[in-house]
Amino acid sequence: MADKKHKKVLGSLQPDVEDILSWNDLPANAFEPASTQEKAGFIQDRKSVSYWKDAWRRLRKNKVAMIALVIIILLALFAFVGPMIVPYSYDEVIPGANNIHPWHYTLEDQEKLSEAQMTPDEAVAAAEAEAAAEGRTLTSVEIATIRAKAKVNSSNTDVEALKQELGIKAKPFGYTNDELQRMADGEFVFPHVFGCDIQGRDIMVRTMVGARVSMIVGICCALIVLVIGALYGSISGYCGGKVDAVMQRIVEIIYTIPEVLVILLLGATLKPIFEEFQNSGDGPLQRLVTVLGPNLISIFIAFGMLYWVTMSRIIRGQILQLKQQEYVTAARALGAKGGRIISRHLLPNCVGQIVTTTFLQIPSAIFTESFLSFLGMGVSAPMTSLGSMCADALSGLTSYPYRLFIPAAILSVMILCLNLFGDGLRDALDPRLKK
């Protein structure tokens, strides 16, 4: 009866003593040395992954961010490489190209290209019909001249050779020998893919240059915000106390200043100064001021004066947390100065927030520049911008709506993709979301 096992009562809190006593029953080989194979499989060696590699791995898993990155790269190629391919410039007025619809040629080009497709007999028949409509007949000399020109235009020897040499694809109206020679010399009879505006300027080239201006302005303004905001926020957070209180009151005052008003006042104030500077010589600085214009320079100044406050607040919050860490205390104990602690220990640990905030500042700067250019206070003519192109298209909105839709769509896609990629970058660089 003593050896009889007692059944555990259902719901009882009393532990099973017999099971607890059996825990000490170890197998006979429990304390034998582990084999080489068991030692090798106990700890698996894995390749160490750096912070940036791990962030890139997590970013690649974000499909929306990767699609946005591909679109941003395509837009960058469109803006910076496209103008090198298209033979027109953004300020070139093309004769006979006023108000041309997309994928059309000028009337002069259409004439030349249609003539290139005619055989000698077709060219003579077309010339005779035109002469009959005018009430006259063609002489034998005129007929012979027309046949000779048509024969030269339709000869296949030089045409095919140049096509093979240049790798040219056929186009709807064909190519004349003269046009193919112009292609070999670096010129190209190119269709107006997006059409032309009322002044005869190619819209596609102007869209490319406008997208380039927007990207350059966004990147430059973001870098200005990065430098000023990171320095100001790190100093404020590291010093703390009264210094931090005074610096944050300055930030709050700057928050209350309307940015657009500052840009307008700067543009009106700096315009006569820049005009006088432009007339003082013909150096590289004068040419740069002429290209940018007072309004665009005012945008850069306003970003340097006002738009860094958000960055400084974010960096300050990070520095307030990091400066309490042990490695900062150790650096102080070793005699490191405040500048060295900020540059070598604190800011590198804020790199995720710095990169994310800087990248998200780019679409904000692009929108501000486009908005001001739409109001006529951005880039100066003849330089173009997506915002100024939208403003110019309003006058012919009912007849030529594509003039507004094309730059507006590119601007919207650019800002959307930059924001989506910025969100994905923020998630990838946040160590708290590491999986």
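For the stretch 359-378: of the residues being closer than 19 Å to residue 414 by Cβ and open to solvent by 20 Å² or more (accessible area, probe 1.4 Å), which is farthest from the chain's Cα centre (by Cα)?
Selected residue: 374.
For the stretch 59-90, which residues satisfy the criterion of being among the small types (Gly, Ala, Ser) and in a helix (DSSP H, G or I)? First the steps, then the outcome.
First, pick out the residues of the stretch 59-90 that are among the small types (Gly, Ala, Ser): 65, 68, 76, 79, 82, 89.
Those that are among the small types (Gly, Ala, Ser) and in a helix (DSSP H, G or I): 65, 68, 76, 79, 82.
Test each condition in (1) of a type in the set (Val, Ile, Thr); (2) modelled with pLDDT under 80; (3) under 18 Å from residue 428 (Cα atoms) for residue 36 and report the one that comes out false.
(3)
Output the residues belonging to the stretch 196-243 that are at pLDDT below 85 and either touching a strand residue (DSSP E or B) at 6+ places or on another chain (Cβ under 9 Å) or among the charged types (D, E, K, R) (or both).
196, 197, 201, 202
Given the residues 237, 229, 200, which is the only one that is within 30 Å of residue 93 (Cα to Cα), open to solvent by less than 40 Å² (accessible area, probe 1.4 Å) and among the small types (Gly, Ala, Ser)?
200
Can you tell me which residues in the stretch 303-319 are at pLDDT 85 or above and surrounded by fewer than 16 Cβ atoms within 10 Å (Cβ to Cβ)?
317
Could you name every one of the helices (runs of 4 or more DSSP H) located completely within the stretch 299-361 that has at least 3 residues being among the aliphatic types (A, V, I, L, M) and under 23 Å from residue 245 (Cα atoms)? Steps first, please.
On the way: elements: 309-322, 326-333, 338-341.
In the stretch 299-361, 309-322 are the helices (runs of 4 or more DSSP H) which contain 3 or more residues that are among the aliphatic types (A, V, I, L, M) and under 23 Å from residue 245 (Cα atoms).
Could you list, in sequence order, the residues of the stretch 213-226 that are within 30 Å of residue 93 (Cβ to Cβ) and surrounded by 22 or more Cβ atoms within 10 Å (Cβ to Cβ)?
213, 214, 217, 218, listed by residue number.
Tell me whether the stretch 66-73 contains one or more residues that are at pLDDT 75 or above and more than 30 Å from residue 384 (Cβ to Cβ).
yes
In this structure, is residue 13 assigned to a loop (DSSP other than H, G, I, E, B), at pLDDT 70 or above and exposed (fewer than 10 other Cβ atoms within 10 Å of the Cβ)? Lay out the reasoning, then the answer.
Values: assigned to a loop (DSSP other than H, G, I, E, B): yes; at pLDDT 70 or above: no; exposed (fewer than 10 other Cβ atoms within 10 Å of the Cβ): yes.
Here the answer is no, as residue 13 does not meet what is asked.
Where the second residue is open to solvent by 10 Å² or more (accessible area, probe 1.4 Å) and aromatic (Phe, Trp, Tyr) and the first is farther than 18 Å from residue 215 by Cβ and lies in the stretch 297-312, which pairs have Cβ atoms under 8 Å and are six or more apart or on separate chains?
Taking only residues 6 or more apart or on different chains, the pairs are 308/232; 309/255; 312/232.
Looking at the stretch 249-284, which of its residues are within 27 Å of residue 318 (Cα to Cα), touching a residue at least 24 places away in the same chain (Cβ under 8 Å) and assigned to a helix (DSSP H, G or I)?
Selection gives 251, 254, 255, 259.
The values are calculated or read from the model by the stated rules, or taken from the named source; none is laboratory data. Nothing here was measured: the structure is a model prediction, and the numbers come from that model. A quick note on method: Cβ atoms are made from the backbone with ideal geometry, for glycine too, and the neighbour counts reach across all protein chains shown. These accessible areas exclude ligands, DNA and RNA; they are computed on the full protein's heavy atoms, side chains included. Shrake-Rupley method; radii C 1.70, N 1.55, O 1.52, S 1.80 Å.
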